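The values are calculated or read from the model by the stated rules, or taken from the named source; none is laboratory data. Keep in mind that what you see is a predicted model, and the values were worked out from it rather than measured. Glycine gets a Cβ as well: all are built from the backbone with ideal geometry, and neighbour counts include every protein chain shown. When the accessible area is computed, the model is the full protein with side chains, heavy atoms only, and any ligands, DNA or RNA have been set aside. Shrake-Rupley method; radii C 1.70, N 1.55, O 1.52, S 1.80 Å.
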Amino acid sequence: MVNCAPDFLRIQQGVDLLTLYQWNTYTTRHYFFKICGIYTVHQRRKAQLVYSVNLGGFHHLDLVAF
């Protein structure tokens, strides 16, 4: 997982394939792929709005180099 500010994250396609899951205080938004259940990203608000992104879902990203 890597954290980023909202200005640095833009989902360009496939938003319709994500499903939202929330619990407890409903302040954090967890997104999963509807079909396979892979956890993709969550949006949380503490002092500021932050996204945490699962880099394992990027096909052309060398995680070892990252």
Cα-based shape type of the chain, given that a ≥ b ≥ c are square roots of the gyration tensor eigenvalues and the cut on a/c is 1.5: oblate
For the chain, which longest stretch is free of loop sites, where a loop site is one of the trypsin sites (Lys or Arg not before Pro) that DSSP puts outside H, G, I, E and B and that has at most 11 other Cβ atoms within 10 Å? 11-33
Accessible heavy-atom area order of Cys4, Cys36, highest first, probe of 1.4 Å: Cys36, Cys4
State the extension gain, in nm to one decimal, for the chain segment bounded by Ile38 and Val15, taking 0.36 nm per residue of separation less the distance between their alpha-carbons. 6.9 nm
Relative contact order for the chain, counting Cα pairs under 8 Å that sit 6 or more residues apart, in percent: 31
